[in-house]
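Enquirer: Quick one: this structure, given as structure tokens, is what I'll be asking you about.
Just so it is clear, none of the values below were taken in a lab; they were calculated from the coordinates. Computed from a predicted structure; not experimentally measured. Glycine gets a Cβ as well: all are built from the backbone with ideal geometry, and neighbour counts include every protein chain shown.
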Number of protein chains: 2
Amino acid sequence: MANITEVAAAAGVSISTVSYALSGKRPVAPDTRRRIEMAVRDLGYSPNAGARMLAGRRTQIFALTEPLRRDTHAPTHMSFVLATAVAARRHDYDILLLTDEQAQAGMRRVAANGLVDAILVLDVAPDDPRVELARQIDTPTVFIGVPDDNEGLVCVDLDFEAAAAEAVSVLADAGHHRIGFIGQADAAYETSNFPPRVRRSVREEAERCGMELLLATTGTTRTTREAARRAAADLLDAGVTAFVLHCLDEAHASVLAEVDERGLSVPEDVSIISVGASFDTGSLATPIDSLPLVPEASCDLAVELALEALGDQRPEPGLRLLAPTRVVHGSVSTPPAGRTGTV
Amino acid sequence: MANITEVAAAAGVSISTVSYALSGKRPVAPDTRRRIEMAVRDLGYSPNAGARMLAGRRTQIFALTEPLRRDTHAPTHMSFVLATAVAARRHDYDILLLTDEQAQAGMRRVAANGLVDAILVLDVAPDDPRVELARQIDTPTVFIGVPDDNEGLVCVDLDFEAAAAEAVSVLADAGHHRIGFIGQADAAYETSNFPPRVRRSVREEAERCGMELLLATTGTTRTTREAARRAAADLLDAGVTAFVLHCLDEAHASVLAEVDERGLSVPEDVSIISVGASFDTGSLATPIDSLPLVPEASCDLAVELALEALGDQRPEPGLRLLAPTRVVHGSVSTPPAGRTGTV
DNA sequence: ACCCCGAGTCGAAACGCTTCGACTTTCTTT
DNA sequence: AAAGAAAGTCGAAGCGTTTCGACTCGGGGT
């Protein structure tokens, strides 16, 4: 609770010298600096946050808006929040949480009262109302996820299309001709943003590679274990030799269970590759190759962009799609001799 | 971005009058008030957060520390965070998120720089390091959860002991004599706080009621579906006529699956009651009676206490244990005639 | 006619910091 | 030896509020 005046007095210098010693914005004599540091330690001084916000033009706070919709996958979401907080902290920023209705009302509020330097948008929906809001306020805003209408916005996300295409092409290269795609719950294709993008991309790449593609989802409104399993069973019955998975970890497990029960093994009998998973597919019962959605990657970049927006020239609006990185666990190989090609 | 000076000019009054009109701390003439309100609307004025913190002695921000340990159950945790944010917002407070290592370092930091008015502690461990920290700083701190050493701390939580006892006594009243307790994963009994309390209380109450009690857990380090199911199977084999569940929603489902597979029905053949669940046990395949852990209840109270701590007299240190409320879904009845009592 | 009180308003002093301009010293350059 | 430049320091001006004390003006009590 000591203030800069007390520190200055204790060190026998003026308050401006203390300020400069701490910020390093002007040179301070080594000896003076030492006395100041000592006074700071002795008094347990820490610059008052409010005063700092007022005097400097920075609050050192980012808002994080997250509506937390019903179908939000909690573990994944938490990874994003955590990744954002960690990334922000690396640059001396704190995270102010705006959830629920505050995701919108709060956004307007903190933009108006200058509580935050920038806003990070999580849990982005295709028709997200925060898009319009972002255009109205002049607090820099970065979307982690891509809404349908993203004109003029700064958005960061995994390049899902590229990831999906790569997954398919990996299977094509391995010699598969008939593959199955197991997507998320049907509802996700409307309320969320990337599932449709993934599915479309898978479809296109399969066509380009001249492969047969069979589609399935893992439930109607939410992923159920049974639906996921049924999807896998149906596809196997239909003679696919490989799966592209784009779904939750539970669904991955269900697919593996079905494969296992049939006495099939991965990758000898069935190849599997996962797209956009944000959990560790290497620690599944059977480790699975993956083109993961890495929260840290998106969030780090989002924070960088937010920071950049505070500088002289704002970053150009537009999509920043992160190239997918393949993680290999040995779940992909050539299809079994007898079951290659057509059924 | 307008400031109070511009509003004052627009309304033709001094800035102090504007301030009083907005805070209501001194009377302002109706006509003057109207002109000020109009100016505020026209200019889109919102008092600057930093200036407010400096001048007033309130920041209108609470810190929420949550280490997010490995075994934290994401959905439950998110409910708590959400409930806290909502409760805080009702009193015009925002939430600053301190996760990961920042749960501790950040606590010290925000206490030192006065960024927050109070600190709310989530995800409390039995030997939580934040306990010591809380004693050192003078920012009011409220624990949502009860650490082992809680001397001098303000803690809020469900009265797990009471809930556990009530669950057992409900079964006793229904006529059961041999019941099974299915707890959380073994690891939870060391890293988390309330599981041991629940188990002890169940044991004591069973003894008091003269019932036979059999114990089981749902895994070693983390809850697995199979372990939960096996636990249920073992207990049924041992002839229990009722279950007290204290575990995750997946484990609830597993228990129900085992019961179902044996052709038994709830509550005719087996009674089930859940303790400390923070999900809706009414929307399980078979709705289950519950003595739930309600995040809103704990978080609302925690926020009230934090607020109180900012007033003249700080709330007295000590535990605030919330009385459990039983939610009935019809999963408890008398034991089947042939299987009552001893095996 | 007097005083007092409350309503209504204003000016100015904090709040604790950052930062600009100016000043003194001490070195380098030419 | 004169002229700069750079280092090092200080005072003071903000930043945008809140809040205290003081002032004015009517209306009631005496």
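Enquirer: Loop only by DSSP, 12 or fewer other Cβ within 10 Å of the Cβ. Give me the GluC sites (Glu not before Pro) in the range B:238-307 that pass, ordered by residue number. Show your work: numbers first, answer last.
Expert: Values: sites: B:E250, B:E258, B:E261, B:E268, B:E296, B:E304; in loops: B:E268.
Those satisfying the criteria are B:E268.
Enquirer: Quick one: helix A:225-237 against the long Cα principal axis of chain A, what's the angle to the nearest 10°, folded into 0 to 90?
Expert: With both axes taken from Cα atoms, the answer is about 40 degrees.
Enquirer: Can you give the net charge of the other residues whose Cβ lies under 10 Å from the Cβ of B:A21, counting K and R as +1 and D and E as -1?
Expert: On the way: positive: B:K25, B:R26, B:R33, B:R34, B:R35; negative: B:E37.
So the environment of B:A21 carries a net charge of +4.
Enquirer: Shielding by partners for A:110-117, please: the mean number of other protein chain Cβ atoms within 10 Å of each residue's Cβ.
Expert: Working: counts 3, 2, 8, 9, 8, 10, 2, 0.
What the average comes to for A:110-117 is 5.
Enquirer: Quick one: dipole size for the range B:116-247, taken about the Cα centre, charges +1 on Lys/Arg Cβ and -1 on Asp/Glu Cβ, in debye to the nearest 20. Before the final figure, lay out each step's value.
Expert: Numbers: 12 positive and 23 negative charges, 123 e Å.
Charge dipole of the range B:116-247: 600 debye, to the nearest 20.
Enquirer: Still on this model: Please give the helix A:160-173 orientation as an angle from the longest Cα principal axis of chain A, in degrees from 0 to 90, rounded to the nearest 10.
Expert: Computed tilt is about 40 degrees.
Enquirer: Would you tally the net charge around B:A11, using a Cβ to Cβ cut-off of less than 15 Å, leaving B:A11 out, and scoring K and R as +1, D and E as -1?
Expert: Details: positive: B:R33, B:R34, B:R35, B:R41; negative: B:E6, B:D31, B:E37, B:D42.
With Lys, Arg at +1 and Asp, Glu at -1, the neighbours total 0.
Enquirer: In a Gaussian network model over chain B where Cα atoms closer than 10 Å are linked, find which of B:D312, B:D149, B:D138 has the largest mean-square fluctuation.
Expert: Among B:D312, B:D149, B:D138, the largest GNM mean-square fluctuation belongs to B:D312.
Enquirer: What is the sum of charges, Lys and Arg at +1 and Asp and Glu at -1, for the other residues whose Cβ falls under 12 Å from the Cβ of A:S283? Mind dumping the intermediate values first?
Expert: On the way: positive: B:R222; negative: A:D249, A:D280.
Result for the neighbourhood of A:S283: -1.
Enquirer: Additional query: Averaged over B:78-88, how many beta carbons belonging to a partner chain fall within 10 Å of each residue's beta carbon?
Expert: Counting Cβ atoms of other protein chains within 10 Å of each residue's Cβ and averaging gives 4.
Enquirer: Helix A:74-90: angle to the longest alpha-carbon principal axis of chain A, degrees 0 to 90, nearest 10?
Expert: 30 degrees
Enquirer: From the backbone phi of the range B:183-197, what are the Karplus-calculated ³J(HN,Hα) couplings (6.51 cos²θ - 1.76 cosθ + 1.60, θ = phi - 60°) in whole Hz, Gly and Pro given as x?
Expert: x, 7, 5, 3, 4, 4, 6, 10, 7, 10, 9, 7, x, x, 4
Enquirer: How far is the Cα center of the range B:174-188 from the Cα center of the range B:264-308, in Å?
Expert: With the range B:174-188 and the range B:264-308 each reduced to a Cα centre, they are spaced 16 Å.
Enquirer: Right, next: Among A:I182, B:I272, B:I61, whose Cα sits farthest toward the positive end of the charge dipole of the protein assembly as shown (+1 at Cβ of Lys/Arg, -1 at Cβ of Asp/Glu, about the Cα centre)?
Expert: B:I61
Enquirer: Now for a different question. Which cross-chain or sequence-distant (5 or more) residues have an amide H under 5 Å from the amide H of B:V156, H modelled 1.01 Å from N in plane?
Expert: HN-HN under 5 Å from B:V156: B:F143, B:I144, B:G145, B:R320.
Enquirer: Further, regarding this structure: Over what distance in Å are the Cα centres of the range A:94-134 and the range B:23-76 separated?
Expert: 15 Å
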